[in-house]
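Working notes for the structure below.
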There are 2 protein chains.
Amino acid sequence: MNNTVLEPFKPEPLATQATRVSIDLGARSYDIWIGAGLWSEAAAWQGLPKAAMAVVVTNTTVGPLYADALKQALEPHYARIEVVSLADGEQFKDMAHLQQILDAMLEWRADRKTVVFALGGGVVGDMAGFAAACYMRGVPFVQVPTTLLSQVDSSVGGKTGVNHPLGKNMIGAFYQPARVICDLDVFRTLPAREYAAGLAEVIKYGPIADMAFFGWLEGNAEALVARDVAVLTAAVRRSCEIKAWVVGQDEREGGLRAILNFGHTFGHAIETGMGYGEWLHGEGVAAGMVMAADLSQRLGLCDARLPQRLRNMLQQVGLPVQGPWLGAEERLAAAQRYLALMRLDKKAEAGAIRFVVVSGQGLAQVVEAPDAMVLEVVQQALTH
Amino acid sequence: MNNTVLEPFKPEPLATQATRVSIDLGARSYDIWIGAGLWSEAAAWQGLPKAAMAVVVTNTTVGPLYADALKQALEPHYARIEVVSLADGEQFKDMAHLQQILDAMLEWRADRKTVVFALGGGVVGDMAGFAAACYMRGVPFVQVPTTLLSQVDSSVGGKTGVNHPLGKNMIGAFYQPARVICDLDVFRTLPAREYAAGLAEVIKYGPIADMAFFGWLEGNAEALVARDVAVLTAAVRRSCEIKAWVVGQDEREGGLRAILNFGHTFGHAIETGMGYGEWLHGEGVAAGMVMAADLSQRLGLCDARLPQRLRNMLQQVGLPVQGPWLGAEERLAAAQRYLALMRLDKKAEAGAIRFVVVSGQGLAQVVEAPDAMVLEVVQQALTH
């Protein structure tokens, strides 16, 4: 998966057995394994880097559910397995908690071969990956993502890091895993709201890169909501393929990678305006994609069908398609608040807001847009 | 410079103008500039990554001497230049001081293009390089080494990082500079003892890789002591070439890179046994090389001339050729203390001490040796 052209989507035949996506990055190539019940499949754990010790990084929510199952999968391969459990939440993704991982590894006398396993969502993956990147200047690590969002988004692409009081993800490294193991069984315990929020990023891959995939998602909306294993296997696989293709073009973030932020400019304004945690990231992205699609239409880049199809799809999986009022009584004032928040975003350049817009044919680009048009888009999309 | 065979040494014609060593690492290739008065040569500062801001990382000893001169060289290229000054000393090479650099950069709103300049010795280079590696997942950095040791050793090879209470250099990254600028004028202010300690690492490159270079150093010992610019230009250049050749074979440290530790096994025992700071690193390495050469002879790998030539050369530049008594009255007990310290070294594997030994023809290898032989070597080399 490192071609300049994305391979066409081939969903058939649907099957429940595990599948693999190969990420071709030369010496840093790795596989993403996707399937239900993978943790108890011996093959998924074979061929990993050999070592005397494995360190599992998890959090206080995921650890009690899955750390034992993961340890069982690792026992045939590592003589010693240690677990470090972090406090759960984005607010703990900082240097102090990174240090907690490194201190623990040093106390256990982890060596240069020790393999780090990230068991959790995006926060755990980012922190464990960065710890692995820094420990003795780099030890192998394996992503074991336990949320839909981390399986289809954050575990692919090699971004690791922590937040700083002055900005998100300001300190980190580009560091690739040795493998990603996506066991779909974890969705059995994932709360409905978090599951739906993960689907927002799956749906996103359609408009930006692959409308055939989007059409297939539309046809399988009910199965997605029911967490059907065969449909999820194909959906996660295709999402990883598209993300891998995009970051393969742009590993260190100069150009194409920006299209992954479709819906995110509006979405971040919602997240920030509501206070972090009120709206989940995927929920903000869902409402934000509707706005971005509407903006695309107003700019003459696509016709009215795309915003409509997107709204329908998002509603079918239980995601919001309208933005919240951000602390204003007048509709125009509420929309102006969105505009002000978007201008503060770190991706804005000298106050110019950059929007990812789409063609309706699976192509995306980054543009600026007139304030008046953006204000109309937001006013239109606010809840009544 | 990434060939499997080291190019032969060509010292002639000696010249005082600046010279360059190209380090071939594909997309991460860079040049080492070597010469007296380089900071005021415009060419040395051209073609560096463009940015609105440069951040100079230095310490409270070097900063007052050179920060203004460096700022002057940078002014034509960067609209804004900020300086962060760290406390001077290996004991401050830790996460807290790394954080000091990152905090300052965030407060100045340094962006992804900001270039970090490391102005100082090995400690500053390691910390500034690691900060550059982590800041927004990697910004460009330039090494401006101000000690002989850092010019010929630590600024080449891409190792960056900080210490942890449980071990040296435990947290860090392999991260290559965009350029290394070695201005030989800095030696005018370098204390004699530190200068001599740097020469130990220059001399080291002879026995491990290039006896023609060693012979040339012998012939130029007086000029070296006098800090003759033409001789220093050639000596620093050849040292960088050899180090670059070794790490080019073994960038992430598996095999050949270990030969750079010639003299270091004994040397670390001296540094640790005396308490850090009593003997300079290069002084320990000097006495350690004499022991390692003696060990090589006893193992039948070289004849008596090599230890003799090494002793003469080191003495000519004012370096110690005998080891200190490490807190014991009996000669055997003192030697046993060396052995105990070497067993604790982090490069020892399961208690087996590994020595770099040499052939007398410019070839090195890593071996284990009988305790009795090592004890003899150390007893022989202790001061009377």
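Seen from all sides and averaged, what is the projected area of the convex hull of the Cα atoms in region A:329-384, in nm²?
Directional mean of the projected Cα hull area for region A:329-384 stands at 4.6 nm².
Kirkwood Rh and Cα-based Rg: tell me the resulting Rg over Rh for the protein assembly as shown, rounded to two decimals.
Answer for the protein assembly as shown: 1.03.
Can you work out the Karplus-derived ³J(HN,Hα) for every residue in region B:157-165? Use 6.51 cos²θ - 1.76 cosθ + 1.60 with θ = phi - 60°, whole Hz, and x for glycine or proline.
x, x, 7, 10, x, 10, 8, 10, x
Helix B:371-381 versus the longest principal axis of chain B: what angle, 0 to 90°, nearest 10, using Cα atoms?
Taking the Cα atoms of chain B, the angle to B:371-381 is about 80 degrees.
List every residue whose amide H lies under 5 Å from the amide H of residue A:325, counting only residues 5 or more places away in sequence or on a different chain, with H placed 1.01 Å from N in the peptide plane.
A:383
Using a label point 7 angstrom from Cα along Cα-to-C-beta, what distances in nm, from shortest up, separate residue B:19 from the other copies?
For residue B:19, the other copies' label points sit at 5.9 nm, shortest first.
Can you give me the long-range amide H partners of residue B:136? Hydrogens built in the peptide plane at 1.01 Å from N, cutoff under 5 Å, separation of 5 or more residues or another chain.
A:171, A:172
Answer rounded, prolate or oblate for region B:1-115, using the Cα gyration tensor with square roots of eigenvalues a ≥ b ≥ c: rounded when a/c is under 1.5, else prolate when a/b is larger than b/c, else oblate.
Prolate, since a/c reaches 1.5 and a/b exceeds b/c.
Relative to the first principal axis of the alpha-carbon coordinates of chain A, what is the inclination of helix A:192-209, with its axis defined by its Cα atoms, in degrees from 0 to 90 and to the nearest 10?
Tilt relative to chain A: about 70 degrees.
Tell me the carbon and sulfur percent of the accessible area for region B:262-384, rounded to whole percent, probe radius 1.4 Å.
Carbon-and-sulfur percentage of accessible area, whole number: 48.
For the pairs A:113/B:243; B:113/B:204; A:71/A:204; A:243/B:243; A:10/A:347; A:113/B:113, flag any whose C-alpha to C-alpha distance is greater than 29 Å.
Table pairs above 29 Å Cα-Cα are B:113/B:204; A:71/A:204; A:243/B:243; A:10/A:347; A:113/B:113.
Count, for each residue of A:162-172, the Cβ atoms from other chains sitting within 10 Å of its Cβ, then give me the mean as a whole number.
Across A:162-172, the average partner-chain Cβ count within 10 Å equals 4.
Give me, ordered by chain and number, the residues 5 or more places off residue A:182 or on other chains with an amide H under 5 Å from its own placed amide H.
A:33, A:34, A:35
Between copies, how far apart are the residue A:365 label points? List them in nm, one decimal, shortest first, with each point 7 Å from Cα toward Cβ, please?
Once sorted, the set of distances for residue A:365 reads 6.4 nm.
With a cut-off of 8 Å between alpha carbons and a minimum separation of six or more residues, what is the relative contact order of region B:81-135 in percent?
38 percent
With chain B treated as a Gaussian network of Cα nodes joined by springs under 10 Å, which of B:47, B:362, B:248 yields the largest mean-square fluctuation?
Of B:47, B:362, B:248, the most mobile in the Gaussian network model is B:47.
For region A:19-189, just say rounded, prolate or oblate: build the C-alpha gyration tensor, square-root its eigenvalues into a ≥ b ≥ c, call rounded for a/c under 1.5, and beyond that prolate if a/b exceeds b/c, oblate if not.
rounded
Classify region A:1-47: rounded, prolate or oblate, from the alpha-carbon gyration tensor (a ≥ b ≥ c, eigenvalue square roots; a/c under 1.5 rounded; otherwise prolate if a/b is larger than b/c)?
It comes out oblate by the Cα gyration axes.
What is the average number of partner chain Cβ atoms found within 10 Å of a Cβ in A:90-102?
Average neighbour count from other chains, rounded to a whole number: 2.
What accessible area per residue, rounded to a whole number of Å², is obtained for region A:19-189 using a probe radius of 1.4 Å?
That works out to 36 Å² for each residue.
Per residue in region B:136-160, which ones lose no less than 20 Å² of accessible surface when going from chain alone to all protein chains (1.4 Å probe)?
B:136, B:137, B:159
Can you give the Rg and Dmax of region A:122-196 based on its C-alpha atoms, in angstrom?
That works out to 13.1, 40 Å for Rg and Dmax.
Round to the nearest 0.05 the FRET efficiency obtained for residue A:368 and residue A:24 when R0 = 41 Å and r is the Cβ-Cβ distance.
0.75
Considering just Cα atoms, how many Å³ per residue does the convex hull of region B:235-384 enclose?
Each residue corresponds to 120 Å³ of Cα convex hull volume.
Can you compute 3J(HN,Hα) from phi for each residue in region A:354-364, using the Karplus curve 6.51 cos²θ - 1.76 cosθ + 1.60 with θ = phi - 60°, rounded to whole Hz and x for Gly and Pro?
Ordered by residue, 3J(HN,Hα) equals 10, 10, 8, 10, 10, 9, x, 10, x, 10, 10 Hz.
Leaving ligands, DNA and RNA out of it, report the carbon-plus-sulfur percent of the accessible area of region A:19-189 at a 1.4 Å probe.
Exposed carbon and sulfur together represent 50 percent of the surface.
Under a 1.4 Å probe, what is the accessible area of region B:235-315 per residue, stated in Å²?
33 Å²
Can you give the charge dipole size of chain B about its Cα centre, rounded to the nearest 20 debye, using +1 on the beta carbon of Lys and Arg and -1 on the beta carbon of Asp and Glu?
Magnitude of the dipole: close to 600 debye.
Considering the Cα positions of region B:192-301, please state its Rg to one decimal place and its Dmax as a whole number of Å.
14.3, 39
Taking the highest mean first, how do the peptides B:173-183, A:90-100 order by number of other beta carbon atoms within 10 angstrom per residue?
B:173-183, A:90-100
Within region A:215-293, which GluC sites (Glu not before Pro) sit in a loop by DSSP and count at most 13 neighbouring Cβ atoms inside 10 Å?
A:278
Region A:16-77: which trypsin sites (Lys or Arg not before Pro) are DSSP loop and have at most 11 other beta-carbon atoms within 10 angstrom?
Loop-located and lightly packed - A:50.
Note the angle between two axes, namely the Cα long axis of helix B:229-249 and the longest principal axis of the Cα atoms of chain B, as a number of degrees from 0 to 90, rounded to the nearest 10.
For helix B:229-249, the angle is close to 80 degrees.
Please report, to one decimal in angstroms, the Kirkwood hydrodynamic radius of region B:289-351 built from all distinct Cα-Cα pairs.
13.4 Å
How far, in nm, would the chain grow between residue A:87 and residue A:166 when pulled straight, counting 0.36 nm per residue and subtracting the alpha carbon separation?
26.3 nm
Averaged across B:104-112, how many Cβ atoms of other chains sit within 10 Å of each residue's Cβ atom?
Taking the mean over all residues of the peptide, I get 2.
To check my understanding: the extent here is largest minus smallest coordinate of the Cα atoms along each principal axis. What are those three numbers for chain A, in Å, largest first?
62, 48, 36
Among B:340, B:73, B:200, whose mean-square fluctuation peaks in a Gaussian network model of chain B (Cα, cutoff 10 Å)?
Of B:340, B:73, B:200, the most mobile in the Gaussian network model is B:340.
Along Cα→Cβ, 7 Å out, is where each label goes; now give me the distance between the ones at residue A:4 and residue B:299 in nm to one decimal.
Calculated label separation equals 5.3 nm.
Give the A-B buried accessible area in Å², both sides summed, 1.4 Å probe, nearest 100.
Protein heavy atoms only, the A-B interface buries about 2500 Å².
For region B:247-344, state which trypsin sites (Lys or Arg not before Pro) are in a DSSP loop and have at most 14 other beta carbons lying within 10 Å of their beta carbon.
The qualifying sites are B:252.
Could you state how much accessible area residue A:239 has, in square angstrom rounded to the nearest 10, with a 1.4 Å probe and all protein chains kept in place?
Surface open to solvent at residue A:239 totals about 0 Å².
Measuring label to label, 7 Å along Cα→Cβ, what does residue A:215 give against each other copy in nm, shortest first?
Nearest to farthest, the other copies are at 7.7 nm.
Using alpha-carbon pairs under 8 Å, 6+ residues apart, how would you state the relative contact order of region B:1-129 in percent?
25 percent
The values are calculated or read from the model by the stated rules, or taken from the named source; none is laboratory data. As the structure is a prediction and not an experimental result, all values here were calculated from the model. Please note: Cβ atoms are built from the backbone with ideal geometry, for glycine as well, and neighbour counts cover all protein chains shown. Heads up: the accessible areas ignore ligands, DNA and RNA and are worked out on the full protein's heavy atoms, side chains in. Shrake-Rupley method; radii C 1.70, N 1.55, O 1.52, S 1.80 Å.
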